[in-house]
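Here is the structure we will look at.
Coordinate-derived values only; no laboratory data. Note that the structure is a prediction, hence the values are computed from the model and not measured. Neighbour counts are summed over all protein chains in view; Cβ atoms, including those assigned to glycine, are modelled from backbone coordinates with ideal geometry.
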Amino acid sequence: MTTDTRVVGRSLPRMDAPGKVTGAAVYAADFALPGMLHGAVLRSREPHARLVRIDAGRAARLPGVRAVITAADVAAVRYGGSVKDEEVFARERIRFAGQPLAAVAATSLDAAAAALAAIEVTVEPLPPVLDVAAALAPGAPLVHEDWADYAALPILHRDGNVCNRARIVVGDVERGFEESERVFTHRFTTRSVHQGYTEPRAAVAHWDGAGQVSVWSNTQLPFEIQATLSEILQMPPSRVRVIVPGVGGGFGGKLRIGVEHFAALLARATGRAVKVMTTCEEELTAAYARQPAIVELKTGVTLQGRILAREGRLWFDTGAFAGSGPGVASVATLMLAGPYRIPNLLLEGYAVYTHKTNFGSFRAPSGPQANFAVESQMDIIADALDLDPLELRLRNIVREGEEGPTGQVLTAVGLEECLRRAAAAIGWAERRPAPGRGKGIACGWWTTTGGSSGVYVKINPDGTVALNTGAAEIGTAALTGAAQVLAEDLGVELADVNVVSADTLSTPYDFGAQGSRTAFAVGNACRAAVVDLKAQVLALAARHLGVEPRALQVGRGAVIGPAGERVTLAELARLSQASGGGLIAHGTFVAPPTPYDAKRVEGHVYPAFHSPSFHAHAVDLSVDADTGEVTVHRYVVAQDVGFAMNPAYIEGQIEGGVAQGLGQALSEEIVYEGGRVLNANLTDYKMPTAVDVPRVESILVQHPSLVGPFGAKGVGEPPSIEPPAAVANAVASATGVRITDLPITAEKIALARQERTG
Amino acid sequence: MARLAVSLTVNGAAHEVLVEPHRTLLEVLRGDLGLTGTKENCLDAECGVCTVLLDGVAVNACILLAVRCRERAIVTIEGLAADGALHPLQRAFIDQGAVQCGYCIPGMILAAKACLDEQGDPTEREIREALAGNLCRCTGYQKIAEAVASVAGAARAGG
Amino acid sequence: MSFDYHEPTSLREAVALGGRFGAEGRFLAGGTDLLVQVRRGQLAPRHVVSLHRVAGLDTLEIDGAITLGALVTHRRLERVPALRGPLQALVEGAEVVGGRQIRNVATVGGNIVNASPAADVVPVLIALDAEVTCLGPAGERSMPLEAFASAPGVTARRAEELLTRARCPRLEPRSATAFLKAGRRRAMEIALVCVAVRLTLDAGLERCLDARIAMGAVGPTVLRARAAERGLQGLAVTGEGLRAAGRTAAGECRPITDVRASAGYRRLLVATLVERALATAVARARAAA
């Protein structure tokens, strides 16, 4: 592994920073077009009802109102990810409080709000299925009575209110439990949490008069939105253009269609540009928040702490539509195994319909929920066996070359180093430094999602380089990282690179800013493009300098010959423009599939982790003896990043991910009662402020991946995985109280202690 | 609804706008004046992305009536750089890696400026307290606090 | 949510407008409560009367007695140097209201009139035996702050009146205050529970002569823990005595269970916070003596 790189591997400032610190950067929420109308959405107040009648006549006649649309104005299309069960507006059946019923476009938001209030809706409420238990009870109402008729991925195991059951089977768990000397069974529960991006979802749509629509949106997946809009509008994708001006945070909440379809439909109905933005209330009631989960975990061990068998089930409340549920249920099974060597496994992930918003993908989907269960139980086991929790983990973690739960061979396994360094940094030798104070650790693994990325790379006649990518920059600085890779390979500086991104018409296809894949995949696509580009450069330089291409070197913005001959890239670009149309290359990358044992999985949409990362978190905290309030003194993360493309921004991902993870661990939950959200505002949805988040110490461990650019692995999602378990373990260490339900509020701790002391 | 003529001084420049009384300063800045550097989100004074300086102190523009801001000096993020040179806080946010998605940053920088203008040499604790009304979901606040501290430190050192 | 807007430039003009509009009008101080409620559709005034040009409403005097004009902002209050020591609870209550952006604008008077049971500065003022003054067309009248609010959002202020000031009498010698607040996070919080105490010690600084304990967010209004206060009179201010006062206060509060906390946890918090606030007040009184 080389460390003498020039650009990549350095903490260079991100390329889009100046626009962001001056207010010049335009986000989708800022985007506007001349004559633009404002759109708003009418949403159901009932979690489950028959929609009897919807009458927009009065609303349409109000001043300033230019269009009102309902299901009657939209093709009867069902769309969706792995199950096509979604519709733009409720047609006959309402399935969650917050489901869109109608949309209006008006000359002002005030006029749009008045129109919403004037739409007459008649419903017949029906008994709602409020949670997983209710959904699975015998005789439970079906959230989708026609579920069997829906188009869906054939691999899914669907049955009534279960829209997927993913399963991993290895060995024989019953025999494993028989051979175990101790068997532990525990149940854990988690609530829904919201991504909390500070920029609402927003889209502006405009039809061009020739039947083509352009949509400016803060989506993380422009090509997916293009495809979904194509289905909804019943047009070929080529007539739908999606452009991402700028994204104010995504974290998975801006993957799927949000308001783009409302904007496009209203723009078509009015013949004008229309902008739609979500309100804070809509975000907390009708967005893609994290699935609430129930985990049941049964683990058999020897008295020395060697894990022999695990049976685990995770039920996700996936809400009214399948959405990401089936995939998340699949990933969950890999997370339930943990980064451990377990010879006998029966792991199941269920995605279950209820009458709530269709929850979605939030930073490491399934990760925090499964890891909370697995890592909490590890500490419970350690405690019961009188073993150091660190030692218990070291005895069971997977090692280089060993198998993952689905049989994939694990390489670049930096987990032991992560555990040891995190433990050393937190001072693990003194786990209970004072009364009411304790330390906890948690470890895990995660994937670098595959999917393909394409780039165009062009050298400009002034020597700058244009990187044209289909990926959106959502804040992680992934495109700066990719540009660093490009600059490194091409022998230019980062300041010489300009990025054009995320326009389905003019940028190459990209699978999207999801799954920690962007810097990895776009970086590799750049490497491929530079190979081609260098060949063009050398061929042209060879002709120009009269030297064999073999004898030429590319570096420092120029091509240099053996006798000091020199021509700059700028000059070559000018020459090429005049004679051959320019120096431009296309590069693509798709991660090679990770081999696994297909016999071990069923209903599985995500059977292996690609270029997996490994991580360990350690926390030192105190718990107030009376109030139960938690004060975090120190938080350490050791993350195997493969190769640190830009250490400062990787630290930024760790610091931010831990903050989100601590929010899920300690204070955040979307509270439901009777299928309605009680705290749909930022007063009572409690994200951590600057005085709530501790300093995070980041240790970047580097076990280079075989596939990533310079050995990099995906880094964005993992930091949000381990905080709930690390905190739970530290709280247990500090107080003797084990909380198995997230969030671990001061109230739960205080009342649990009160109960214990009587 | 009758509109009122309001003269607003934003970043040193006078603007004449006609607004209904219930319009907020945020709506007028972004809509009427096209200054979209000040952001919108919760509209409930809970998140701070709409922070501007009003006579030098940090306020949430989303709950300020525009009509109340006559004869007050309003500073938005667009008014911070002087003659093309970035303000030290803007420079520090870039250099310290404190910017990720960037949506909270205009409000954050202005809240930080108000803090430094008031306090000169705040501790990290005081910096974080000054920024408690600005939610950030990307950074965990760490590099933001470090960036502000670096400017305070430079000022202390006479830089 | 539109309304007619008025900007009186004198108290007399403001009072006249109040008289003219009555219940159809609302006075606007900082707006951090009023405008949020208007946006949420909880309030729809026909007339909004902004007070920011009215002179004389933002006086802040500490000359033994404490006078807070209605338009004194929380940020101004929290930065008064003279309020360290025995009167520190006024700072402690003011500095936990929202974030700085809110405190730069939100006023003490507006907070009192808003009458949230979870208000932070109100319990401190009640512990200091504050009186509030309202001014209307019929003249001026004052009453104890403790009797001002009767339910969440409901006060004795008549629709045509504006609150002009709160006034606390001089603190007795060997007295001190303290304020504590519990929340699910450390800033931008509406209290799960908050308590403000004022203790007066005897000449030997060993016994309590008089006490006030005001509790927020555990009843429809801020509550006084009168039995706990009586129990403290003449009591040695030892750990056990203060703990007992906390327990008694916990029995006097009337918390509900809501999305923020359960009633049981709120009682637990009252017991703990009262005890701790009393201990802090004892230390402050002794330090000042």
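List of remarks:
- For residues of B:31-40, the mean tally of beta carbons on other chains within 10 Å: 4
- Projected-area mean, the range A:227-268, by convex hull of Cα positions, square nanometres: 3.3 nm²
- Neighbour net charge for A:PHE609 - beta-carbon separation under 13 angstrom, K R +1, D E -1: -1
- Chain A - charge dipole about Cα centre, Lys and Arg +1 at Cβ, Asp and Glu -1, debye rounded to 20: 900 debye
- Put simply, when B:103-113, A:108-118, A:584-594 are sorted by average Cβ atoms within 10 angstrom per residue, most first, you get B:103-113, A:108-118, A:584-594.
- Taking every alpha-carbon pair in the range A:447-602 and binning the separations at 10 Å intervals from zero gives 12, 38, 28, 15, 5, 2, 0 percent.
- Proximal charge balance of C:ALA94 [Cβ under 11 Å; K/R count +1, D/E count -1]: 0
- Placing +1 on each Lys and Arg Cβ and -1 on each Asp and Glu Cβ, with no other charges, gives the range B:1-105 a dipole about its Cα centre of roughly 100 debye.
- Equivalent ellipsoid, chain C (semi-axes from 5 times Cα gyration tensor eigenvalues, Å): 33, 21, 16
- Comparing B:GLY31, B:ILE109, B:ALA66 along the charge dipole axis of chain B, the residue lying farthest to the positive side is B:GLY31, per the Cβ-charge model.
- Sites listed here are GluC sites (Glu not before Pro) in the range C:11-106 whose DSSP assignment is loop and whose Cβ has at most 11 other Cβ atoms within 10 Å, and the list is empty.
- Cα-Cα P(r), the range A:1-152, percent of pairs per 5 Å interval: 2, 8, 12, 13, 13, 11, 9, 9, 7, 6, 5, 4, 2, 1, 0
- Cα centroid separation, the range A:254-303 to the range C:61-124 (Å): 41 Å
- Counted over the range C:162-289 with a bin width of 5 Å, the fraction of Cα pairs per bin, in whole percents, is 2, 12, 21, 22, 17, 13, 9, 3, 1, 0.
- Sum of side-chain charges, A:LYS84 neighbourhood, beta-carbon under 11 Å (Lys, Arg +1; Asp, Glu -1): -4
- The range B:54-159 - charge dipole about Cα centre, Lys and Arg +1 at Cβ, Asp and Glu -1, debye rounded to 20: 260 debye
- Distance between the range A:371-397 and the range A:151-192 - C-alpha centres, whole angstrom: 21 Å
- Residue pairs, from the table A:LYS534/A:LYS713; A:LYS84/A:LYS599; A:LYS20/B:LYS113; A:LYS298/A:LYS686; A:LYS686/A:LYS748; A:LYS84/A:LYS254, whose Cα atoms sit over 21 Å apart: A:LYS534/A:LYS713; A:LYS84/A:LYS599; A:LYS298/A:LYS686
- Reduced Cα scattering model of the range B:22-159, Debye log10 I(q)/I(0), q = 0.12, 0.14, 0.19 Å⁻¹: -0.44, -0.60, -1.09
- Peptide A:652-662 - average C-beta neighbours from other chains (10 Å radius): 5
- Between the range A:304-335 and the range B:11-82, the alpha-carbon center distance in angstrom: 47 Å
- Normalised per residue, the volume of the convex hull around the Cα set of the range B:92-133 (Å³): 75 Å³
- Charge-dipole axis of the protein assembly as shown as Lys and Arg at +1 and Asp and Glu at -1 on Cβ define it, positive-most pick from A:ALA423, A:ALA67, C:ALA14: C:ALA14
- Loop-located trypsin sites (Lys or Arg not before Pro) in the range A:514-618 (DSSP state not H, G, I, E or B) with no more than 15 neighbouring Cβ atoms inside 10 Å: A:ARG556.
- Average partner coverage of C:4-10, which counts Cβ from other chains inside 10 Å: 3
- Dipole axis of chain B (+1 Lys, Arg; -1 Asp, Glu on Cβ), positive-most option in B:ALA155, B:LEU53, B:VAL17: B:VAL17
- Long-range Cα-Cα pairs in the range A:146-213 (distance over 17 Å), rounded percent: 77 percent
- Ranked by the mean number of other Cβ atoms within 10 Å of their residues, highest first, the peptides A:389-395, A:448-454 fall in the order A:448-454, A:389-395.
- Quick note on the range B:29-107: its Rg to Rh ratio, both from C-alpha atoms and Rh being the Kirkwood radius, is 0.97.
- The protein assembly as shown: proportion of alpha-carbon pairs further apart than 44 angstrom, %: 41 percent
- Based on the reciprocal of the average 1/r between different C-alpha atoms, the Kirkwood radius for the range A:356-427 equals 14.5 Å.
- log₁₀ of I(q)/I(0) at q = 0.19, 0.20, 0.22 Å⁻¹ - the range A:583-654, Debye sum with one point per alpha carbon: -0.98, -1.00, -1.06
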